[in-house]
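Report on one structure; see the data block that follows.
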Amino acid sequence: MLLAIDTSTGTSVAVVDRDGGVLAEVGTDDTMRHAEVVGGFIRDALAEAGVRPHALSGVVSGMGPGPFTGLRVGIAAARAFALGIARPVVPVVSHDAVAWAWYTAGGAGTLQVVTDARRRESAVSEYDGLDADGLPVRATGPALAPRDAVAPPRGIRLDATRVPAGALGMIAELAFAAGRLPVCADEPLYLRAPDVTLSTPKRVSR
């Protein structure tokens, strides 16, 4: 079983099992209160699933794309929780979870996933269905685009306000079963440079 956490848009937490599917999932579309709610959601998801923390085999972290402030909350929570129970962190691209949920719900063809990246920009990825292992095939992205100038989709456009943590966890379960971990790098997908940069130290003359 896995605990899955994503705060790239709203906040979503789930407990999943490869055979049992999504055992519990809680979340909100609120994009401003990740730090305030993520701890309670972890507690509630575990309680709803009836799972003790040390029964988990790992913690899945949504790596974005997402704004710096929100995204880092979920990643930090996943890493801290995994450290506390001495389990590994499994990084997964957040847009992949949106696509997986859409395809497994009956969607077909090409899908464009769009999320708010703030600053009048959107984060965009395109998908071409699921592969033989049941994992989403990402054709392009994630990449930034002006909010009002996102390229027209080749198929369906899906604007997501929350990444389903249950789908995030199931991707990790499927990837593990197929021997395809890790499915992405363990680096946040902020897609833009940070606002604050280190200044060059001034040389002091003697």
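The values are calculated or read from the model by the stated rules, or taken from the named source; none is laboratory data. This structure is a prediction, so every number in the text was calculated from the model and none was measured. Quick reminder, even Gly has a Cβ in these numbers, built from the backbone with ideal geometry, and neighbours come from all protein chains shown.
Overview of results
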item: Unique residue being exposed (fewer than 15 other Cβ atoms within 10 Å of the Cβ) and either assigned to a strand (DSSP E or B) or at pLDDT 95 or above (or both) when the list is Pro152, Pro188; result: Pro152
item: Residue among Ser8, Ser61 that is touching a residue at least 12 places away in the same chain (Cβ under 8 Å) and in a strand (DSSP E or B); result: Ser61
item: Top-ranked residue of the range 68-86 - restricted to ones that are farther than 18 Å from Phe41 by Cβ and modelled with pLDDT of 95 or more, ranked as surrounded by the most Cβ atoms within 10 Å (Cβ to Cβ); result: Leu83
item: Residue ID - surrounded by the fewest Cβ atoms within 10 Å (Cβ to Cβ), chosen from residues in the range 112-124 that are in contact with an Asp or Glu (Cβ under 8 Å, 6 or more places away or on another chain) and free of Cβ contacts under 8 Å to residues at least 60 places away in the same chain; result: Arg120
item: Criterion (assigned to a strand (DSSP E or B), charged (D, E, K, R) and closer than 17 Å to His34 by Cβ) met by exactly one of Asp128, Asp116; result: Asp116
